[in-house]
Every structure is written in structure tokens, then in C-alpha cells.
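*Asks:* Before anything else, here's the structure in question.
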Amino acid sequence: MTGSALELHRVSKVFRGRVHALRDVELTVPRGAVFGLLGPNGAGKSTLVKILTTVVRPTRAEGTMLGEPLGRRSVLARVGYLPEHHRFPQYLTGRQLVEFFGAMARTPRALRRRRASELLELVGMRDWADKRVTTYSKGMQQRTGIAMALVNDPELVILDEPTDGVDPVGRREIRDVLVRMRSEGRTVFLNSHLLSEVEMVCDSVAIMVQGRVVSQGTIDALTAHSRRFEVTFLGLDDSTLRVGDRELAVEQDGDLRRVRLPAATVEEVQPVIDHLRARRALVAGVRDMRESLEETFIRAVRDPATGRALPPGAIQGRAAGTSAPPPLGNTIAPQGTSPSARPSEGGSST
């Protein structure tokens, strides 16, 4: 499956009091992938999710969802959604809850009953299916919520903090469910603050800071600049190695010695290994290293000079330096206002 599940351009949200929750968000989510939306508290992640699901009306939004304009009911019928702060009816059992939401999504009765049983088993809730939600822990409710989000067999699944309150074993099981969704061709839009979880399962990510997307792409692409190789070896006492036109410093690493090759490719490492072997050194290891997603995230949201969060002006300047694609012509705007008008909604949800 090719193309984009989501194409968002110039998505903005201004709450009453000129609170800018979102500032011209540009985002592309490929089909059939697990996509992670990252950002510190107050970055605007949940506001963006609520705009996608029409829970919150944007000040301005252009783009498409599953190839159709944003906000269409026909599109939302092909979307599954688990909100961050859900409030499930406590008097229902897990099975009844999934079937109830299946009915709301107009899934035929026989089909939703069958899918409820299958999905509750998938998320590890089969033995609790006929117990009331009020007896569930937070993690059990999260698992049941994922089953609920899948009952209408969606093409796009939007999960807002799905592992919140889930123990390590449960988080691993949820990761397995996300991988299975991807293998079935679904697109998963994951809003999470657990960077290690995102790094293990996501194909690509976007980092939001103060209402703007400051970085997006595959994890490999976002960390490519930090890629380096380290070669450890035994048998030479030289303080430097001359390999072609490169002069590499040799460091002591316990009983081993080590050379670093910053910004190197696999092809550039081979002459170093050949050089060491030609001089009868014993190559102990070659490590392909790059910064973690957490390091990339911290670098994106903090001023390197002070270590503090970037001020609004710096975020705006960084975003202004990127090229914005032309509008798609599919725009959501508040009723009775122009796309650039500021709505009169109260409160702020980020």
C-alpha cells in the first residue's frame, strides 16, 4: 500500500486568550506504517489528535485523511480512535463495551460480536471479557480500549497514549499488537511520551515543540547525522593510524585499543579493517553507533547553549526556515469564520 494516510498543511488552533496550541503544523503520515507523534507536555499533540477526530474545531486546517478531505464522516467511519482520557461506562463488561462501540460505528451485530471476542483475545483480555469495566485496572482498560478502537476494522488507528498506566509486560504485548496492525496494512498514528516504546515500534516520527513540528522523518533519517563506527582491536601500539588520507587517533579501551570514524559509511570502514589485518592486529569488534531517539528528541526541544527549552521565537524561526508545500485545497475552518479567524472557544487542551 502506497501513498499517505494523512497529509496535513497549515494546521493551526488558537484558543480564547490568544493561546496558540498549534502553529501551521505540516505533517505527512505514510500508509501502512506506525507513526509516532512526540513532544513535551503542552506541545499540542493531543490538540492535533482531537482536530483529526473532529473533537476540536481548528482555526485553520488543510489536507487529507485516507485520500479524502479532513473531517468527512465517510472517512471517520474508517478510523479507529482511543482517546487519552477516556471515560468508559463502568457498568458494562469489556465485551459489552467493545460491542457498544461497534454498534456506534454501525458494524453489523453478528460481525461486532465475533470481532469483540477476537479482539479481546488479541489484547489479552479474554479471561476478563465478561467482567465489568469497574473491576479493571488502568492497564486493562487501555487494552480494552485498543480492542474498541479496532472493532470497526479501521484503515487508520489513532491511539493517544495507549500504554499509559500499563505495566512492562502489558506494554510489550501492546507493541506486538501495533506490529500486527502494521502487518495487516493498517496505519497507526501513535501519540506517546515513552520514547523507548516509540523507537522500538515506529517507522517514522514527528517531534512537536510549542505547537510546531520541528522535525519529522524515519528514525534512521533523523539520527543519520550522528552515525559513527568504532573499531576495537589488539596488537598495535601506534598512537595514530594512517589509512589512505585519514589519520585516526587511537584510544585505549581497557585491554583493547579503539579508533572512531565519525560520519562514516560501511564502505569507509572496510579499509580500516583491512589496514589493521595487514599489520596483523586482531580486530575485536566493529560497532555501528548513532544517537538514540531520546537524544534526538532532547536536541530538538532544548537550546544547546543553555540546556533549557527553546523559547517561542527560536521555534518559530526554525519552522520558518522550512519550505511549506502548497495547500491541497481541502480546508477545515470554523463555521461562520474565515480560515484565519480566531474562534471564541474557551479553554486550552494540549
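*Asks:* Given R₀ = 22 Å, FRET efficiency for Ala77-Arg180 by Cβ-Cβ distance, to 0.05?
*Replies:* 0.50
*Asks:* Let me ask something additional. Taking the chain as a Gaussian network, where each spring joins two C-alpha atoms under 10 Å apart, which residue of Gly139, Gly244, Gly39 fluctuates the most?
*Replies:* Gly244
*Asks:* Long-range amide H contacts for Ala5: which residues qualify at under 5 Å (H placed 1.01 Å from N, peptide plane, sequence gap of 5 or more or a different chain)?
*Replies:* Val29, Arg31
*Asks:* Please give, to one decimal in nm, the separation of the simple spin-label points placed at Asp245 and Arg172, each 7 Å out from Cα toward the Cβ.
*Replies:* 5.0
*Asks:* Also, I was wondering about something else. Whole-Hz ³J(HN,Hα) for each residue in region 192-200, computed from phi via Karplus 6.51 cos²θ - 1.76 cosθ + 1.60 with θ = phi - 60°, x for glycine and proline: what do you get?
*Replies:* Once rounded to whole Hz, the list reads 8, 9, 8, 5, 5, 5, 4, 4, 6.
*Asks:* Please give the contour-minus-distance gain from Asp237 to Val55: 0.36 nm per residue of separation, less the Cα-Cα distance, rounded to one decimal in nm. Walk me through the numbers before you get to the answer.
*Replies:* Values: separation 182, 0.36 × 182 = 65.52 nm, distance 6.64 nm.
Extending this stretch completely gives an extra 58.9 nm.
*Asks:* Additional query: Can you give the FRET efficiency for Glu295 and Arg87, using 1/(1 + (r/R0)^6), R0 = 41 Å, r = Cβ-Cβ distance, to the nearest 0.05?
*Replies:* Working: r = 37 Å, r/R0 = 0.89.
In this case the efficiency is close to 0.65.
*Asks:* I've got another one for you. For the chain, modelled as a Gaussian network with Cα springs under 10 Å, which listed residue fluctuates most, Arg182, Arg16, Arg172?
*Replies:* Between Arg182, Arg16, Arg172, it is Arg16 that shows the largest mean-square fluctuation.
*Asks:* Would you please give the FRET efficiency between Thr218 and Val19, computed as 1/(1 + (r/R0)^6) with r the Cβ-Cβ distance and R0 = 45 Å, to the nearest 0.05?
*Replies:* 0.90
*Asks:* Please build a GNM for the chain, connecting alpha carbons under 10 Å apart, and tell me which residue among Glu230, Glu99, Glu68 fluctuates the most.
*Replies:* Glu230
*Asks:* Right, something else. May I ask which residue of Thr265, Leu241, Val214 lies farthest towards the positive end of the charge dipole of region 203-302, with charges of +1 (Lys, Arg) and -1 (Asp, Glu) on Cβ and the Cα centre as origin?
*Replies:* About the Cα centre, the residue reaching furthest to the positive side is Val214.
*Asks:* Can you compute the modelled spin-label distance between Ala103 and Ile273, with each label point 7 Å from Cα toward Cβ, in nm?
*Replies:* Output for this residue pair reads 6.3 nm.
*Asks:* Another question, if that's okay. Which whole number of Å³ per residue matches the convex hull of the alpha-carbon atoms in the chain?
*Replies:* Roughly 189 Å³ of hull volume per residue.
Here, each number is a calculation from the coordinates, and none is a lab measurement. Please read these numbers as outputs of a predicted model, since none were measured by experiment. Don't worry about glycine lacking a Cβ; one is built from the backbone with ideal geometry, like all the others, and counts go over all protein chains shown.
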